[in-house]
Each structure stands twice: as structure tokens, then as C-alpha cells.
Amino acid sequence: MSRPNRIATRRGTELVFVIAAALIVACAEAFVEITRNSEISSHVATYPLVVLAIGLACHLAIRRTARYADPLLLPCAVLLVGLGLVMIHRLDLGLAQQAAENGTTYSGVAAASQVVWAFLGLVVFLAVLLVIRDHRMLARYAYTLALVGLFLLMLPAVLPAQYSEVNGARIWIRIAGFSIQPGEIAKIALTIFAASYLVDKRDVLSLAGRRLVGIDLPRGRDLGPVLVAWLISIGVLVRNHDLGTSLMFFGLFVVLLYIATERVSWVIIGVLLFAGGCVLSYELFGTVKQRVDVWLHVFDYLQDQGYQMSQSLFGLGTGGLFGAGLGGGRPELVPVAKSDFILASFGEETGLFGLVAILALYLVFLSRGFATALAVRDSFGKLLVTGLSFSLGLQLFVVAGGISRLLPETGLTTPFLSYGGSSLVANFGLLALLLRVSDAARRPPTTPPSAVTTESGPVPITAGDSS
């Protein structure tokens, strides 16, 4: 009797990559200390140990509850978290030096706060893996999650600007020194809803209406969901002054709609609606017009609204191809560099090559997410993973476009890398969901393929059969 083929869990591979990620973080922190202090202190082990502890805890949880999950998602995430910790600590050092030069003191401990948020993210990660044993159970709460997501998305818009506005974008909730970005949580909730809704309504939304220029347009009665998503996104753009969140929300829905129905007409309609909404908002609302003008003519606003963007561009130009070296630049000159402009800090100190390496790491993460979407068997899982992966990729594109002036500045954070508690915690939850669906996609069927079922009944597979 031959032994059945076993599918490798590749948990050992995951463990090796987690350890390698901690070593890379150790090297990065060592470069910072050597450049700043010309010596290596015991502090060099702090952030690598944080990364290793979080990575090992996640690895053990995956080994126990999702043993067939993709082995590359976790290492990519913990490496990004570790590199973010190193850069945030480096910015703390730079701001302390800047304060000393100005005769003041800097008491900020952003890196220490980020460590706390990272462990809170670990708690959320473990909770999601332990509570959600089957991703399909999320579809039962789709409409509840939609209400929660819309509430969180619009909450900053109804709060006074002093509690929600940072650099012109109203995407925060700031109370008593504590701030969260509710859009990060709303993104996941709305993705779950969109995946569930489109699975239920896919057949109706796939029906063709009139044919125009070789493209089958949808029926007029089916345009309702897209129009609702469009109105919400335009409301976010107008009220929150936030192109990034608006683009991310509407783009996510249109892409999932295209994947569910396989109709290019939905993409065309979505692009036209969003472009028209942006033009209309620019003409009617002064705040939107001002942000676009600063984006187009940033060097005309060097001393006020355009200062952050201009300093980011100067830093990227200074970094060149190879960068000034970790600890050797002045990325702290960019206001709030630790959050939405942390990619510019890496660009200045690691150069174009280092920035491309970080983007390649994200590309590996995203590719594994989309590979999971192709492999999972149920339609809800496919749309859920596609939506989560696409939203993370689109957010990265918006952030990278913002620091390079390809897009207006948005205030969104770079996933896993930037300083920010709500963003980091939400992305750990997103990672857990990806791993849960990945486990379902790679897990072997419960019934071994020992027979082929036909109309006459099961037919055993012999050694000479091929299928």
C-alpha cells in the first residue's frame, strides 16, 4: 500500500525567514548607531528582539491554528514593522539633535510608543486567528460591518477640525493626546461587506444591458451600488478633504465589482464617475481647490502649505541612487516624517535602490495575497483576499505617489512601516485574515481523492489512470 502524498506546511521556511528578518533589522539598527555614535551599544538588540518576539508568537499561533497558511506573508510583515521601528527611532534621534541645536528639548519617544502598538497588533492578530476559524463566517455579519465601516469612515468629517484635521486632511480622531485613524479599520469592514454583497448579487450585476462601442454596459437599474459608493467617496473627498481615502474606497469597490462580474464596463463607469466627481469638487469647493493648487505648484507655497512636500522632494533628491546611509541624512526636517512621509525618509537615507527594495518587499506580500485569492475555493474568500490585498496595494500607491508628488498629499500611512497605532493594529488584523484564508486555500481536502464520482457512482482511480 502506497502512503498518501502529504502537502508540506512550510512552517519551517516561515521560521527561517522570521529569524532572517530579525537579523536584517539588527543590521539596520547597527548602521544607525555606527553613523550617529561611531559605536554599537546594547540598544542595537532592542528592535530585533521585538521583531523576533512578535514573529515567533505569530509563527507559533499559525503553526497551531493555520498550519497550511502561506509562509511568506508573516516574514514580510515583521520585516516591514522592524524597519519601521528602526527609522522611527532614527527620526527620534534626529529630532532630539535638532532640538538641542535650537536650544530646546525633545521628549518624544515615538519608537517606544510604536513598540507598544506593535504588541497590541500582535494581540489583535492572535485574537483574529483564534476567533475566526473559518473566514466564511464573516459573511454573516456583512451588513453590520458595513454600518460600522461607514460610521468610522464619516466620523472625522462630522467632528470639529481641531479633533480631526492634520495637514488639511480630516481623517483622524484626536482626543487628549491620543489619536486614531478610523479609516484603517473601516477599510477592512467595508471590504468584508463588499465581498459578501457582490457574491450574493453577482448574477444580477453581470447581466448586460445595451452594447456601446463593443462594450456591454450594465442595465440602468443595476447602477445603484456604484452610485452609492460614488456618493460616499465624493462625500469623503469634499468633507474630509482627503483624496487618498476617497480613491481607496471607491477604487476598492469598483475593482471587486469587476472581478465579481468580469465586465470591463464597470471599470469604465467607475473611472468616469470618479474623475467627474473630482472635477466637480475642484470647481465648487475651495478647500479641494487649494489642496490641488498646492500639489500642482508646491514651490510657490514653500513656507506654508507646501513646506512638507517640498522638504520631502529635497530629501529624495539628496538621497540619489544610494542614499546618505542610515543615520547620515536629515529626514527629520520633513514635518511628521515618521507617519505619512516615512518612505521619503528611507528614500533619503537608503537611496533609490533601498526604496525599490522596500517596494519589492511589498510586492512579494501582495503577490502572495493575490496567489491566495486564485487558490481559495469559495467565491467569498476570493473576493475578500483580493479586496484586502488590493486595498493595501492601493494605499501604498497613494502614499508613494504623495511623497513623490505624483498625487496630492493624503495623510495616509504606509502599511506596517509608518508610525501610527490604528494603522499598525488594523494591518495586523488584515494579515491574520489573509493567513486564515491562505490556510483554507492550501489545506488538503478532507476527503482524499481516491475515487472519481460519476453518474453511475464512484470509480476507483488505478495506477494507469491519468487526470
Test: residue in region 102-112 that is touching a residue at least 60 places away in the same chain (Cβ under 8 Å), more than 30 Å from GLY369 (Cα to Cα) and of a type outside the set (A, V, I, L, M, F, W, C)
no
Within region 83-96, considering residues that are open to solvent by 10 Å² or more (accessible area, probe 1.4 Å) and touching a helix residue (DSSP H, G or I) at 6+ places or on another chain (Cβ under 8 Å), the one modelled with the highest pLDDT
LEU83
Counting only residues that are open to solvent by less than 40 Å² (accessible area, probe 1.4 Å) and either more than 18 Å from ALA157 (Cα to Cα) or touching an Asp or Glu at 6+ places or on another chain (Cβ under 9 Å) (or both), how many does region 279-295 have?
3
The condition from (1) touching a helix residue (DSSP H, G or I) at 6+ places or on another chain (Cβ under 7 Å); (2) open to solvent by less than 10 Å² (accessible area, probe 1.4 Å) that ARG405 misses is numbered (2)
Starting from region 353-382, take each residue that is among the acidic types (Asp, Glu) and list its partners that are open to solvent by 30 Å² or more (accessible area, probe 1.4 Å), counting only C-beta distances under 8 angstrom and pairs at least six apart or across chains.
ASP378/ARG136
Given the criterion over 22 Å from GLY402 (Cβ atoms), at pLDDT below 75 and in a helix (DSSP H, G or I), identify the matching residue among ARG221, ARG239, ARG210.
ARG221
What is the one condition in (1) over 23 Å from LEU243 (Cα atoms); (2) among the aromatic types (Phe, Trp, Tyr); (3) touching a residue at least 40 places away in the same chain (Cβ under 8 Å) that PHE341 does not satisfy?
(1)
Would region 182-199 turn up any residue that is at pLDDT below 80, under 19 Å from SER339 (Cα atoms) and not hydrophobic (A, V, I, L, M, F, W, C)?
no
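Here is a yes/no grid of residues against (1) part of a helix (DSSP H, G or I); (2) at pLDDT below 95:
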position	(1), (2)
PRO4	no, yes
GLY12	yes, yes
LEU15	yes, no
ALA20	yes, no
ALA26	yes, no
VAL32	yes, yes
HIS59	yes, no
ILE62	yes, no
VAL81	yes, no
Just to be sure, is LEU417 in a helix (DSSP H, G or I) and modelled with pLDDT of 90 or more?
no
Of these, ALA26, ALA77, which one is without any contact (Cβ under 8 Å) to a residue 40 or more places away in the chain and surrounded by 15 or more Cβ atoms within 10 Å (Cβ to Cβ)?
ALA26
Starting from residues that are crowded, with 20+ Cβ neighbours inside 10 Å and of a type in the set (Phe, Trp, Tyr), keep the ones in region 253-273 and report whichever is modelled with the lowest pLDDT.
TRP266
Among the residues of region 344-352, is any of a type in the set (D, E, K, R) and open to solvent by 20 Å² or more (accessible area, probe 1.4 Å)?
no
Evaluate region 304-314: report whether one residue or more is out of contact with any Lys or Arg (no Cβ under 9 Å at 6 or more places or on another chain), open to solvent by less than 80 Å² (accessible area, probe 1.4 Å) and closer than 30 Å to LEU374 by Cβ.
no
Determine whether region 289-305 contains at least one residue that is modelled with pLDDT of 85 or more, in a loop (DSSP other than H, G, I, E, B) and not charged (D, E, K, R).
yes
Mind listing whichever residues of region 1-23 are more than 22 Å from the chain's Cα centre (by Cα) and either open to solvent by less than 80 Å² (accessible area, probe 1.4 Å) or among the hydrophobic types (A, V, I, L, M, F, W, C) (or both)?
MET1, ILE7, ALA8, THR9, ARG11, GLY12, THR13, LEU15, VAL16, ILE19, ALA20, LEU23
In this structure, is SER339 among the polar types (S, T, N, Q), assigned to a helix (DSSP H, G or I) and either under 25 Å from PHE416 (Cβ atoms) or open to solvent by 60 Å² or more (accessible area, probe 1.4 Å) (or both)?
no
Criterion (outside any helix (DSSP H, G or I), open to solvent by 30 Å² or more (accessible area, probe 1.4 Å) and at pLDDT 90 or above) met by exactly one of TYR106, TYR68:
TYR68
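The values are calculated or read from the model by the stated rules, or taken from the named source; none is laboratory data. Keep in mind it's a predicted model, so treat the numbers as computed, not measured. Reconstructed Cβ throughout: ideal geometry from the backbone, glycine too, with neighbour counts over all protein chains shown. Accessible surface areas use protein heavy atoms only, side chains included; no ligands, DNA or RNA. Shrake-Rupley method; radii C 1.70, N 1.55, O 1.52, S 1.80 Å.
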